[in-house]
Ligand SMILES: Cc1cc2nc3c(=O)[nH]c(=O)nc-3n(C[C@H](O)[C@H](O)[C@H](O)COP(=O)(O)OP(=O)(O)OC[C@H]3O[C@@H](n4cnc5c(N)ncnc54)[C@H](O)[C@@H]3O)c2cc1C
């Protein structure tokens, strides 16, 4: 790749005027983002086809992404950690490097229209600097994926109900699909074109190349309900490339503390399978598996069987709505895990509902676990 000149992040004064504009447009964020999309689609009509029919969610996502960029505007490392993976995802959505310069221009015009008194020459220069940096990092992510397919087609070859509103889907990708235990992929169903949602792989890579997803239908959720209640063998989904850094470093030998809530047990079980296949190398693996009620612990028999076979593995179930008759502890997963502290020498892997993951990460930090030993795939940390 040809070398590109670095873009300096905005300085403190520039960030102040960037923030003033963001505050001014916040009450009309939806209109501002709609203006941006309208300008983009005028310049690049072909782009409309890569967005979903309903654009309200896109406007919210875009404004939230802008807020994140401004929040980390003076921290290039944080911007990089946030934007390079997003640029990789843009490859799946059909973005081309040439779109980003247009996007900068259209965003400047939309902000100028709604930025009120906060918009002046200085603000414009500051925004242009920030957006140039943002584009640079997104394009970097996009370029990294050049050799990778933008998406795979995957046929549903198995679909079974595993618990209330939870389905396990077995998929056969149309070509070899590389991934590691603990990773996830953006998934699109035929019923909601161009609406992509991330789902984790529920097992480590298999010799037969099949993939599994464990999906819980959430109230009024578009994609999850389609996957749980509508998908059947023969249906074809699209999958983006594998993403996420919640993978095991087999050369580190660190012990693993794994928290899986609900379908979040999928990537945790995958990690356990990978350690079993690779060999534990002297490490211990402690799994805490949480659900509201016992019926939600649908992978417990399978995990307990693994624990019987592998002395390095301990599996504990936790129920938030009253403990089980068999002595399963009651409580929220993060609180129960904290009771077993200290966790020196462990790296933590957390997966499940966002509130559980954030509470779990905070509880482990309070137990003295260093930030880089607490791993999960939620944005914003
Ligand atoms: C890295 C990552 C991995 C993920 N892996 C999995 C996985 O393996 N299995 C899985 O089932 N999900 C997983 N998710 C969640 C998944 O991506 C979707 O967010 C979820 O399925 C809802 O999408 P939807 O289109 O059905 O709902 P949306 O249409 O996005 O939401 C519809 C409504 O439901 C609400 N809602 C959204 N999520 C929830 C929720 N969890 N509980 C209650 N209400 C909610 C929304 O606020 C909204 O009002 C993962 C998320 C991330 C970030």
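Going by how many other Cβ atoms sit within 10 Å of their own, how do 50, 248 line up, fewest first?
Fewest-to-most ranking of 50, 248: 50, 248.
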Given the rule -39500 (n - 2.57) for each run of at least 4 DSSP H residues, summed and divided by the residues of the chain, what is its mean residue ellipticity at 222 nm, to the nearest 500 deg cm²/dmol?
-12500 deg cm²/dmol
Degrees separating the helix 354-366 axis from the principal Cα axis of the chain, which is the longest one
80 degrees
Which order results if 288, 63 are arranged by neighbouring Cβ count within 10 Å, fewest first?
63, 288
Zero-based 10 Å bins, Cα pair distances in segment 63-103, whole percents
27, 51, 22
Give me the angle, in degrees from 0 to 90, between the Cα long axis of helix 265-278 and the longest principal axis of the Cα atoms of the chain, rounded to the nearest 10.
70 degrees
Among DSSP beta bridges lying fully in the chain, give the percent that are antiparallel, nearest 5.
55 percent
Give the whole-number value, in cubic angstrom per residue, of the convex hull volume spanned by the C-alpha atoms of the chain.
160 Å³
Take the Cα pairs of segment 255-375, get the Kirkwood Rh, then feed it into Stokes-Einstein at 10 °C and 1.306 mPa s and tell me D in µm²/s.
112 µm²/s
Within the set 350, 142, 96, GNM on the chain using Cα springs under 10 Å gives the largest fluctuation to 96
In terms of the Cα gyration tensor, with a ≥ b ≥ c the square roots of its eigenvalues, is segment 12-144 rounded because a/c is under 1.5, prolate because a/b exceeds b/c, or oblate?
oblate
What number, in percent, do you get for the relative contact order of the chain if the mean sequence gap of Cα pairs under 8 Å and at least 6 apart is divided by its residue count?
13 percent
Rounded to one decimal in Å, the inverse mean reciprocal Cα-Cα distance for segment 187-337, i.e. its Kirkwood radius, is 16.9 Å
What is the pair-distance distribution P(r) of segment 220-277, computed from all Cα-Cα distances in 5 Å bins starting at 0, with each bin given as a whole percent?
4, 12, 18, 19, 18, 14, 8, 5, 2
Quick one: helix 76-93 against the long Cα principal axis of the chain, what's the angle to the nearest 10°, folded into 0 to 90?
80 degrees
Cα-derived Rg over Rh, computed across segment 144-258 with Rh taken as Kirkwood radius:
0.98
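Coordinate-derived values only; no laboratory data. Everything numeric here is computed off the predicted structure, so don't read it as measured data. Ideal geometry is used to build each Cβ from the backbone, glycine not excepted, and the neighbour counts take in all protein chains shown.
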